[in-house]
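K.L.:
Dropping the structure in here first, questions after.
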Amino acid sequence: MRDNFLKALLEVTKKDQNIFLITGDLGFKIFDNYIKKFKNRFLNVGVAEQNMIGIASAMSLRGYKVIVYSIANFGTLRCLEQIRNDAAYHNSNITIVASGGGYTYGSLGVSHHATEDIGILRSLPNIKVFVPSSGVESYLTTKKIINLKGVKYLRIEKTSNIKPLNKKIDVLKPIIYRKGNDGIILTSGGILSECIDSADKLFKNKKINLSIYSLNCIKPFNKNFFKKLLKVKYIISVEEHNYSCGIGSSILENLNKLNIKKNIKIIAIKDRYSSIVGDQNYMRRSNNLNSKSIQNEILKFFNDAKKHF
Amino acid sequence: MISRKFAKKLRIETLKMTHHGRSSHIGSILSIIDIVAVLYCRILKLRPGNLKNNDRNRFILSKGHAGAAVYAALAFLGFFSKKKLMSHCKNGSNLSGHISHINLPGVEFSTGSLGHGLSVGCGFAFASKLKKEKSKTFVLLSDGECNEGSTWEAAMFAGHHKLKNLVAIIDYNKLQSLTTTTKTLNLEPFKKKWESFGWDCKLIDGHNHKILEKNFSTKSKNKPKCFIASTIKGKGVSFMENKVLWHYRSPNILELKKALEEVKNAR
């Protein structure tokens, strides 16, 4: 997904003199090509994220479309107040890119687990939140959002090369990856691959046929899409993010805004830090976010619901 | 405009504002009045008519709690109506206690949490440098604000990039929120700190208009400039001077009357 981001960034920068890239001393080698082509529109501020956001905010007020790059929690939580006061309150045109969403850097430890970022960032007014689930989404989202006004948060991570069902996609709307009539899975990020595997197996073994949509744009939400959820019996959200304030919570809030009452199964990290580490697949397993666990949770959700009817 | 006369007007106005708005920080406000007066009268050349000029000087009040001083200066210069000043901190006002830019032309940047302004100043100065503009960016910080690590991130950045179009002014009244800077977190050797971060640094009298104007208008060589301006918290009102209490207290009607008399009668 990072390659797709970089490809889009190069293309957009080539066409737009106002694009400026700032890194907080991260992205070894990945910006070589960018620097070769646009060395005057690149700045490494050093390991100083607070300063990075302050500088980016001011530069954006001078007409630059600034992209700030960092990994995990450094470009978000470390400088949260700068994002709130300097960037969001001033409606600065900056795109905050965090590479390594969720457990991408699983084995590096809790400091590198980006598992509360979506909730924290989306709670700030004036910020749009994007979490692409595939390479295609990452590419198209990058191209689109750099030109959107205001502060954008873009969380990227490693993804498999899954293709959406439709060739033409609008990154501001939910994107369909699987069609089924028994319910719907809403997800964001690389964990889409686990969702697809779960849905395929549930269909094969239990004849449960689920749709899957990627909520690439978590904020602002697409009203028309959420209105249609009224007719969906089973709604499941899956995220590599803490249970509180994440994708599931955002879905509940959106439905509440539309006055739609629905029971949703939220599959997420259970409000804990993981001191026991491993790679992303291991972390998903140990946090019950792998395909097998997702299937079990969904089956349980279906069975519990049936009991109530 | 004569900056000393302007300073007197600002003192009178901000005393009234903090009285009517029952707001804090009059001590911090009076501390920077002379600096603000010299900047707006003699240095910045900011007027309502040239706000759209990109190559203009910029001023960021990093110690946002003294926002009343800048609001008053801007109102006197015609950026918005003077009447508005008396709404300071009242219900429904956009003149918040900590400086805010929304619908207030002339306010370059909103602050209030300490340690943000110098980074923002770096951003403006860096952008001006890229655009090869002549303008300068001035940032006014409090001394207590230099406790913040982010201030030093910005200081290191400005020094490294030799931002000669950036001027930091520190309101060194040596009192912070609870007690003296020395007792809280000693800043000394203060000048040496800035110099070691790659700045030209000078100690000046923060209430002497001639000295302020002369120093603020000198050209920078190849370094950002820092002025450690020695000031008195509550300057101009005898019973407020050097008293931490006036970081918080709003003058009541009797105190206002007494303060205004002192300010009006001062030379």
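The values are calculated or read from the model by the stated rules, or taken from the named source; none is laboratory data. All values derive from a computational prediction rather than experimental measurement. As a convention, Cβ positions derive from the backbone with ideal geometry for all residues, glycine included, and neighbour counts pool all protein chains shown.
K.L.:
Of the residues that make up the range B:229-251, is at least one out of contact with any Phe, Trp or Tyr (no Cβ under 7 Å at 6 or more places or on another chain), touching a residue at least 24 places away in the same chain (Cβ under 8 Å) and in a strand (DSSP E or B)?
P.N.:
No: the range B:229-251 contains no residue that is out of contact with any Phe, Trp or Tyr (no Cβ under 7 Å at 6 or more places or on another chain), touching a residue at least 24 places away in the same chain (Cβ under 8 Å) and in a strand (DSSP E or B).
K.L.:
OK, next. Return yes or no: is A:Y64 within 14 Å of another protein chain (Cβ to nearest Cβ), touching a Pro at 6+ places or on another chain (Cβ under 9 Å) and under 29 Å from B:S100 (Cα atoms)?
P.N.:
No, not satisfied.
K.L.:
Another question about this same structure. How many residues does the range A:225-252 hold that are within 19 Å of A:K173 (Cα to Cα) and touching a residue at least 40 places away in the same chain (Cβ under 8 Å)?
P.N.:
Going through the range A:225-252 one residue at a time, the tally reaches 13.
K.L.:
Identify the residue in the range A:41-61 that is β-branched (V, I, T) and free of Cβ contacts under 8 Å to residues at least 24 places away in the same chain and, among all such residues, is nearest to the other protein chains (Cβ to nearest Cβ).
P.N.:
Among those that are β-branched (V, I, T) and free of Cβ contacts under 8 Å to residues at least 24 places away in the same chain, it is A:V45.
K.L.:
I would also like to ask the following. Quick one: in the range A:67-89, which of the residues that are closer than 21 Å to A:G100 by Cβ and either at the interface with chain B (Cβ under 7 Å from one of its Cβ atoms) or touching a residue at least 60 places away in the same chain (Cβ under 8 Å) (or both) is surrounded by the fewest Cβ atoms within 10 Å (Cβ to Cβ)?
P.N.:
Filtering the range A:67-89 for residues that are closer than 21 Å to A:G100 by Cβ and either at the interface with chain B (Cβ under 7 Å from one of its Cβ atoms) or touching a residue at least 60 places away in the same chain (Cβ under 8 Å) (or both), the one surrounded by the fewest Cβ atoms within 10 Å (Cβ to Cβ) comes out as A:T76.
K.L.:
Every residue in the range A:26-56 that is surrounded by fewer than 15 Cβ atoms within 10 Å (Cβ to Cβ) and under 17 Å from A:G75 (Cα atoms), please.
P.N.:
A:F28, A:V47
K.L.:
Is one or more of the residues making up the range B:56-68 under 28 Å from B:S217 (Cα atoms), out of contact with any helix residue (DSSP H, G or I) (no Cβ under 9 Å at 6 or more places or on another chain) and modelled with pLDDT of 95 or more?
P.N.:
No, the range B:56-68 has no match at all.
K.L.:
Could you please tell me which pairs satisfy a Cβ distance under 7 Å, a separation of 6+ or placement on different chains, a first residue in the range A:199-217 that is over 14 Å from A:I251 (Cα atoms), and a second residue that is assigned to a helix (DSSP H, G or I) and among the hydroxyl-bearing types (S, T, Y)?
P.N.:
A:K201/A:S291
K.L.:
Let me ask something else. Applying the selection to the range A:214-237, what residues are of a type in the set (F, W, Y) and closer than 20 Å to A:S134 by Cβ?
P.N.:
Matches in the range A:214-237: A:F221, A:F225.
K.L.:
Which one of these does B:D34 not meet: (1) surrounded by fewer than 24 Cβ atoms within 10 Å (Cβ to Cβ); (2) charged (D, E, K, R); (3) closer than 23 Å to B:A266 by Cα?
P.N.:
(1)
K.L.:
Could you please find all residues in the range B:152-164 being part of a helix (DSSP H, G or I) and either over 20 Å from B:F216 (Cβ atoms) or within 9 Å of another protein chain (Cβ to nearest Cβ) (or both)?
P.N.:
Within the range B:152-164, B:W152, B:E153, B:A154, B:M156, B:F157, B:H160 qualify.
K.L.:
Taking the range B:111-139 on its own, how many of its residues are under 26 Å from B:S24 (Cα atoms), surrounded by 24 or more Cβ atoms within 10 Å (Cβ to Cβ) and within 11 Å of chain A (Cβ to nearest Cβ)?
P.N.:
9
K.L.:
Only helices (runs of 4 or more DSSP H) wholly contained in the range A:200-309 count here; list those with 1 or more residues that are modelled with pLDDT under 95.
P.N.:
A:291-308
K.L.:
Out of all the residues in the range B:82-98, is one or more in a helix (DSSP H, G or I), surrounded by fewer than 19 Cβ atoms within 10 Å (Cβ to Cβ), within 14 Å of chain A (Cβ to nearest Cβ) and not β-branched (V, I, T)?
P.N.:
No, that holds for no residue.
K.L.:
Which of the residues belonging to the range B:192-230 are among the basic types (K, R) and modelled with pLDDT of 95 or more?
P.N.:
B:K192, B:K193, B:K202, B:K210, B:K214, B:K223, B:K225
K.L.:
Any idea which residue in the range B:140-151 is nearest to B:L175 (Cα to Cα), counting only those that are part of a helix (DSSP H, G or I) and more than 9 Å from every other protein chain (Cβ to nearest Cβ)?
P.N.:
Only one residue fits best here, namely B:G144.
For (1) outside any loop (DSSP other than H, G, I, E, B); (2) among the hydroxyl-bearing types (S, T, Y); (3) surrounded by fewer than 21 Cβ atoms within 10 Å (Cβ to Cβ); (4) under 12 Å from the mean Cα position of the chain (by Cα), each residue gets a yes or a no:
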{"site": "A:S138", "(1), (2), (3), (4)": "yes, yes, no, yes"}
{"site": "A:K149", "(1), (2), (3), (4)": "no, no, yes, no"}
{"site": "A:N166", "(1), (2), (3), (4)": "no, no, yes, no"}
{"site": "A:I196", "(1), (2), (3), (4)": "yes, no, yes, no"}
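K.L.:
Looking only at the range A:168-189, count how many residues are in a loop (DSSP other than H, G, I, E, B) and either polar (S, T, N, Q) or touching a Pro at 6+ places or on another chain (Cβ under 9 Å) (or both).
P.N.:
4
K.L.:
Something else about it: Of all residues in the range B:177-217, which are buried (at least 17 other Cβ atoms within 10 Å of the Cβ) and part of a loop (DSSP other than H, G, I, E, B)?
P.N.:
Of everything in the range B:177-217, those that are buried (at least 17 other Cβ atoms within 10 Å of the Cβ) and part of a loop (DSSP other than H, G, I, E, B) turn out to be B:L187, B:F197, B:G198, B:W199, B:G206, B:H207.
K.L.:
Scan the range A:261-278 for residues that are surrounded by fewer than 14 Cβ atoms within 10 Å (Cβ to Cβ) and either without any contact (Cβ under 8 Å) to a residue 40 or more places away in the chain or touching a Phe, Trp or Tyr at 6+ places or on another chain (Cβ under 8 Å) (or both) and jot them down.
P.N.:
A:K261, A:K270, A:D271, A:R272, A:I276 - these are the residues of the range A:261-278 that are surrounded by fewer than 14 Cβ atoms within 10 Å (Cβ to Cβ) and either without any contact (Cβ under 8 Å) to a residue 40 or more places away in the chain or touching a Phe, Trp or Tyr at 6+ places or on another chain (Cβ under 8 Å) (or both).
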